[in-house]
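Here is the structure we will look at, set down as structure tokens.
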Amino acid sequence: MRVDLAVVGAGPAGLSAAVAAREKGINVIVIDEGLEPGGRLLSQVHVDPSKPVTERIWIGRTVASSLVRRAEKLGVRLMMATTVWGLFRSGELWSVMLNSGGPSEVLARAVLIATGSAEQPLPVPGWTLPGVITAGAAQVMVNQWRVRPGHRAFIVGMDPLAFATVHGLTMAGVRVLGIANPPPGVPAGDQGVPREVLGRLADLSHLAPSVLMRLGGPVSRSRAVARLACALYVRPVLRVWGAAVMLRHAVVEVEGDAEVSHVVLSPQRPDGTVAGGIRQRVPVDTVCLAGGLAPLTELAAVAGCKFTYLPELGGHVPLHGPFGQTTLPGIFVAGNVTGVESAPVVAEQGGLAGQAIGLLLNGESRDTVEAATAAAGVRVCRARDQASLRFLPGVVEGRRAMEHAWKRGHWDGVTAP
Amino acid sequence: MDSPDLGKGRPDSTVICRCEEITLAEIMEAISRGARTLDAVKRQTRAGMGMCQGRTCHQAIVRLLAAAGRGPEQAGRPSIRPPVRPVLLEALDGGEGASTE
Amino acid sequence: MTLPGAGLRVAVHSLLGPLGEARVVRFTFDGLEYQGLEGEPIAAALAAAGIRVIRHSERFGRPRGVFCAIGHCYECRVTVNGERNVRSCLTPLREGMVVQSQEPIGPGGPLEEPPHEG
């Protein structure tokens, strides 16, 4: 099978790119491992109380359906339940290697890698027991599979995805008893230090239903006040959707025989070290581990793209230019694979890349493409500014650093050598 | 070097690589014997060689290497070779749609 | 329609609305018969049926179940109609599927004794 553009990943970035590219008249296929298109949109439901009532509930599946309808109407081909396992140069084209019941390969003039990000669960003693799942898995189970993972849950880790999971499980009728930190020390690092956590929760305060959390948010931006607040917060007085926010406790072990039966909690000092005091054993049947997200860059690595290390974007990311072009002509990247951001931002990013690829494959010059995608670039920045959820606090600095790294290397990425 | 405190009791027996069931103790031993990159840890312990190819454990191992003085940049990305997902041998053989040389 | 596994299925979600119509199909897991919804991931049907132990680990013979639910971790792998290492979270359920857990390979069970649990 031969196409102009093969998009790997049918999430918001991939679908938006496919639509934009198809609008330029080139033929496009989108390939995804999942059973239906939408990527992580399918499992996300957000409630943002700071927005007006009609915009308060954001359902990812609705966004996905709308993108899929547009794509299908335009004649974008969607190939689901298919795994891409390799990416090789094949003369002037790229060979996208597939694993499914159908064709084993797609030949494409250009490939857009939009494979998103993956969770990085932190190991906890006992974490291999059935009943321990990632925070994202809990969302997939209740919002996509429509099956509860259990009846009594505990969340380990306190980041945006963790709180979204508390909410998601509660909406699905699962009792979430509490949310606490991962075990202190390595490998959790700062993620498990109450003082640091409190600072990061400031980014989330507008999403918390508790008035106290909302008030605590801006106040905790100041280091000194954060320390004081952390020192005073010993017993978990705050509840978020009914779950105890145990800022000064760490889950040190998950117990059970054939499946989860308890979590063991230890009190912590503000710096994360274990404090003296009674350990609690809480009976639960489900434990959700939230450890953050990192770009899923395997295909870009396998193809031979150059990378750069930018923790502000989530770690090792493919070096890329303003249209998503990589150091390999014909390979582009868009979405969370370039740095972890929320769906509205990555959708605009995908749209820009798709538009650029469409123009380039039609033979337009780089100057024309730059001019034509300027408006899309503005939309990306605006979506970034308006994002209610920021996974990575330094993402703007990260994007700037990537621009510099690309310019410094004098990479072109759009013309073959 | 102190064993990282993963929790009470027997932190060392905590599995880090779920696929190959490589424990924290085994990884720390490899590090104490000189392993300083993800690839070196992989070669010595098999951590990261299983079905998920390190997707689940590599972040934890990067952190353990960092605690031993090797930052994420030096610890490196694991060297990745295709297939990035396990494939049946038939798929590697070509088949419908494969280009012929 | 009575959903199979009614205790764990989210029939009506306060934000997402009621479940759409889907055909109930039968399948077996390790020889026992269960019901699920046609086209849903096999792992979803197993979870709804209350089955949490999906396989045992090769090295220490420990129980394992669904972990990431999106095909990255391979913890949910099962044998389906004779084909090994199928990710149950990414494979749609069909009528009559024969699903088997992947026990430790070899007559002796796990490859090694687990490390001493103090």
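Figures for the structure shown
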item	result
Entirely in the range C:1-103, the strands (runs of 3 or more DSSP E) that have 2 or more residues that are over 30 Å from A:Ile57 (Cα atoms), of a type in the set (A, V, I, L, M) and more than 10 Å from every other protein chain (Cβ to nearest Cβ)	C:24-29, C:77-80, C:98-100
Enumerated strands (runs of 3 or more DSSP E) restricted to the range A:1-76, each holding at least 2 residues that are open to solvent by 10 Å² or more (accessible area, probe 1.4 Å) and within 14 Å of chain C (Cβ to nearest Cβ)	A:45-47, A:57-59
Residue in the range A:266-290 that is most open to solvent (accessible area, probe 1.4 Å), counting only those that are within 29 Å of A:Pro49 (Cβ to Cβ) and not in a loop (DSSP other than H, G, I, E, B)	A:Val282
Flag for C:Gly31 being open to solvent by less than 50 Å² (accessible area, probe 1.4 Å) and at positive phi	no
Candidates B:Arg10, B:Arg33, filtered to the one that is open to solvent by 40 Å² or more (accessible area, probe 1.4 Å) and modelled with pLDDT of 85 or more	B:Arg33
Extreme residue, nearest to C:Glu83 (Cα to Cα), among residues of the range C:27-61 that are of a type in the set (Gly, Ala, Ser) and in contact with a Lys or Arg (Cβ under 9 Å, 6 or more places away or on another chain)	C:Ala43
Hits in the range A:1-55 - residues which are without any contact (Cβ under 8 Å) to a residue 24 or more places away in the chain and of a type in the set (S, T, N, Q)	A:Thr54
Check on A:Arg89, in a strand (DSSP E or B) and among the charged types (D, E, K, R)	yes
Test: residue in the range B:48-55 that is within 8 Å of chain A (Cβ to nearest Cβ), at negative phi, crowded, with 22+ Cβ neighbours inside 10 Å and at pLDDT 90 or above	yes
Count of residues meeting criterion [in a helix (DSSP H, G or I) and within 9 Å of another protein chain (Cβ to nearest Cβ)] in the range A:177-199	1
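Conditions tested, residue by residue: (1) under 23 Å from C:Phe67 (Cα atoms); (2) among the charged types (D, E, K, R); (3) in contact with a strand residue (DSSP E or B) (Cβ under 8 Å, 6 or more places away or on another chain); (4) modelled with pLDDT of 95 or more.
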| residue | (1), (2), (3), (4) |
| --- | --- |
| A:Leu129 | yes, no, yes, yes |
| A:Ala137 | yes, no, yes, yes |
| A:Arg152 | yes, yes, yes, yes |
| A:Ala162 | yes, no, yes, no |
| A:Val174 | yes, no, yes, yes |
| A:Ala188 | yes, no, yes, no |
| A:Glu196 | no, yes, no, no |
| A:Met213 | no, no, yes, no |
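Residue-wise test of (1) modelled with pLDDT under 95; (2) over 21 Å from the mean Cα position of the chain (by Cα); (3) not hydrophobic (A, V, I, L, M, F, W, C).
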site	(1), (2), (3)
A:Gly256	no, yes, yes
A:Val264	no, yes, no
A:Gly272	yes, yes, yes
A:Ala275	yes, yes, no
A:Val282	no, yes, no
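The values are calculated or read from the model by the stated rules, or taken from the named source; none is laboratory data. Computed from a predicted structure; not experimentally measured. Neighbour counts run over all protein chains shown; Cβ positions are idealised from the backbone, glycine included. The protein model used for the area step is the full one, side chains on, heavy atoms only, and it has no ligands, DNA or RNA in it. Shrake-Rupley method; radii C 1.70, N 1.55, O 1.52, S 1.80 Å.
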